[in-house]
Each structure stands twice: as structure tokens, then as C-alpha cells.
Amino acid sequence: MGEEQKNAASSFAPKEISDGDFRRLVNFIQQHYGIDLSKKRQLISGRLSYTVKAKGYSGFGPFIDQVLEKQDPGDIELVINKLTTNYTFFMREQEHFNFFRNTILPDVVKRRQGQRMLSIWSAGCASGEEPYTISMYVKDFLGPEAAHWDTRVLATDISQQALDKAQKGVYALPDTIPGAWKSKFFVPSAEEGQYQVAPVIRDNVIFRTFNLMDPIRFRLKFDVIFCRNVMIYFNQQTKDDLLVRFCEATEPGGYLLIGHSETMGRNPGYRYLAPATFQKR
Ligand SMILES: C[S@@+](CC[C@H](N)C(=O)[O-])C[C@H]1O[C@@H](n2cnc3c(N)ncnc32)[C@H](O)[C@@H]1O
């Protein structure tokens, strides 16, 4: 936030969000998007106060009235962009990618030899670093054979702002990306010091807006679902229900990877394989 924005936000401080408005917004977000913000009062007022003021509302109350009563898609999108946490980075939780390369890919590639098609979903992909990392591992694993496979990765999120950044695929590259991959999978971008994901990887990822609270009705069942650092914001019931839907949307023997700080709870559909890594029975 720039200095000007900070000043604008702090001049709003006397009209902090009321208990009632806070509860109304928390309930709405929880019910429609699963995200539990009941202990995030500071986050809500911090992230929304500038928007409320910039849009000319006299306080949080009238803004929340507008969002909840009209449910205008533009307003909702704005609120979701502000209230979701889209933090991510390339190669995040490297142990997962080691396991993906050494165990999961050899298994699913063997099983899919007939169709030459892999079905992988990055659910809650934020600004794209996760699905692009997955795609780089797949291409690297298959080598020249990749040209004969359909390896597209589905990448979904509810934050349109995050998806817009993902689709552009322009990043400052971290050192965690192996040198050989930097030259193979990235091209210098027009923006100073930035790189764009090369077409071979970018074209291999399909970005879609998708709310994980909705029924999963994709055409194909998945070989692998990555849903990492997303359910951490959900309450137990929402998480349990989503895990059931993930399980139904997965091929028998397919895999689910959750964040290393997340817990699976009890789900008879999966067996534990490695930290934060499960296989459908
Ligand atoms: C912290 S990021 C995780 C990104 C990536 N998976 C990783 O581990 O680096 C969490 C993402 O989940 C998304 N998210 C939260 N609730 C969601 C929902 N109900 N449906 C779809 N995406 C959601 C957020 O918009 C955010 O981009």
C-alpha cells in the first residue's frame, strides 16, 4: 500500500467496522467461499478500508449492505480479490515435488501409457507459480515424449486478480529454479528484471475461475490434485466436505497433495503415503 493509500485508510480509522457488519461479512464469505475470517477482523478492516473510502461510502455498513444485498458480481469480485490470501512461490514445499517426480509421475505415466494423457489439477493456484512448477516437472520428466502426450494442468482459483497475474505468467525468478530450467522454461520479459513462462509451459496450463465450494463437475477424473495451503482457511466441516468431493473426482490410485501445515482429518477414501501426500484407495 502506498503512503497516500495508508493515509487514506488511516483517516478512516474512527469508523471501524462494527460487530454486526463484521459478522455479516464473515458469514457471507464463509457460506459462499468457505474462508473462515471470524478471527481476522484486523485483516478485513485493513484490506477493505481504502476500497470503502475510495468508492465513496460513508463507512463499512453501507458498503457491506451493497455487497450483500445487491450481490453485484463486480463488488463481489473486488471483495474476494481483497480478502483472499494469494501468497505462493515457485517450487513451494520442494519435498512434494521430489515425491511427484520420483514416485507419482512414474506411476501415473505408466498407468496412462495407453491414453497418453495426464489429468492434474492445481486447486487454489493463486498467481500461477504452483501449476507452472507442476507443468515444468511433467515436461522435464517426459522429455521428448511430452510432445506425444496431453499433459495439460487445470489451474483454478476464486481470485480473478490472482488468475490475471497467473495468465500473464510474468515473474521475477527466484534462485530456487534450477539454472537449466530458467533458460528452458522462461523467456526474458519486456518488464525490467522479469521473465515470462515460456509458451511450452504456459500453453500447458489452463486457468479457470472455480469456487471450491461448488460441485466438481469436470469432464475427467484427476490423476493428481494439488490443493495446498487453501483448506487452511476453511473450517473442519468445509474441509471434510471438500475432501469427499476431491476423492470422488480422483481416479482410483490417484493422488492428493495438501499443504505441509494442513491436516487431512479422517477420510477413509485416502491412504497416507508421505507427509501431506495421500493416495485414493
Ligand atoms: C495461499 S494461496 C495457495 C497457493 C498455492 N496452492 C500454494 O500452495 O502456493 C490460497 C489460494 O486459495 C484460493 N481460495 C481460497 N478459497 C477458495 C475457494 N473457495 N475456491 C477457490 N479458491 C480459493 C485463494 O484465492 C488463494 O489464491
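The values are calculated or read from the model by the stated rules, or taken from the named source; none is laboratory data. Bear in mind that the values here come from a model prediction, so they are computed numbers and not experimental data. Counting neighbours? That spans all protein chains shown, and the Cβs are built from the backbone with ideal geometry, glycine included.
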statement: Residues of the range 250-276 being within 14 Å of the ligand (Cβ to nearest atom), closer than 24 Å to residue 107 by Cβ and free of Cβ contacts under 8 Å to residues at least 60 places away in the same chain, in sequence order, are 256, 258, 262
message: Looking at the structure I just gave you, is residue 204 at pLDDT 95 or above, within 15 Å of the ligand (Cβ to nearest atom) and within 27 Å of residue 109 (Cβ to Cβ)?
response: no
query: When residues of the range 178-201 are filtered for being buried (at least 19 other Cβ atoms within 10 Å of the Cβ) and within 20 Å of the chain's Cα centre (by Cα), how many remain?
result: 2
Only listed residue being more than 16 Å from residue 150 (Cα to Cα), more than 12 Å from the ligand (Cβ to nearest atom) and crowded, with 19+ Cβ neighbours inside 10 Å, chosen from 212, 243: 243
message: Criterion first (among the small types (Gly, Ala, Ser) and on the phi > 0 side of the Ramachandran plot) does residue 254 satisfy it?
response: no
field: Counted residues, the range 111-123 - those being over 18 Å from residue 227 (Cα atoms) and in a loop (DSSP other than H, G, I, E, B)
entry: 5
- request: Mind counting the residues in the range 124-159 that are hydrophobic (A, V, I, L, M, F, W, C), touching a Cys at 6+ places or on another chain (Cβ under 8 Å) and either part of a loop (DSSP other than H, G, I, E, B) or surrounded by fewer than 24 Cβ atoms within 10 Å (Cβ to Cβ) (or both)?
  value: 0
query: Restricting the range 217-237 to residues that are in contact (Cβ under 8 Å) with a residue 40 or more places away in the chain and among the charged types (D, E, K, R), which is surrounded by the most Cβ atoms within 10 Å (Cβ to Cβ)?
result: 228
task: For residues that are surrounded by fewer than 24 Cβ atoms within 10 Å (Cβ to Cβ) and within 15 Å of the ligand (Cβ to nearest atom), tally how many sit in the range 101-122.
output: 0
task: Please go through the range 222-256 and pick out each residue that is more than 18 Å from residue 138 (Cβ to Cβ) and under 14 Å from the mean Cα position of the chain (by Cα).
output: 229, 230, 231, 232, 233, 234
- request: Please determine, by comparing only the residues of the range 153-178 that are more than 12 Å from the ligand (Cβ to nearest atom) and of a type in the set (A, V, I, L, M, F, W, C), which one is nearest to residue 35 (Cα to Cα).
  value: 154
task: Sort through 218, 226 and tell me the only one that's outside any helix (DSSP H, G or I), in the same structural domain as residue 249 (by TED's automatic domain parsing) and touching a helix residue (DSSP H, G or I) at 6+ places or on another chain (Cβ under 7 Å).
output: 226
statement: Every listed condition ((1) charged (D, E, K, R); (2) closer than 27 Å to residue 264 by Cα; (3) touching a residue at least 60 places away in the same chain (Cβ under 8 Å)) holds for residue 214 save (3)
query: Got at least one residue in the range 73-81 being more than 22 Å from residue 131 (Cα to Cα), outside the structural domain of residue 233 (by TED's automatic domain parsing) and either exposed (fewer than 15 other Cβ atoms within 10 Å of the Cβ) or in contact with a Pro (Cβ under 6 Å, 6 or more places away or on another chain) (or both)?
result: yes
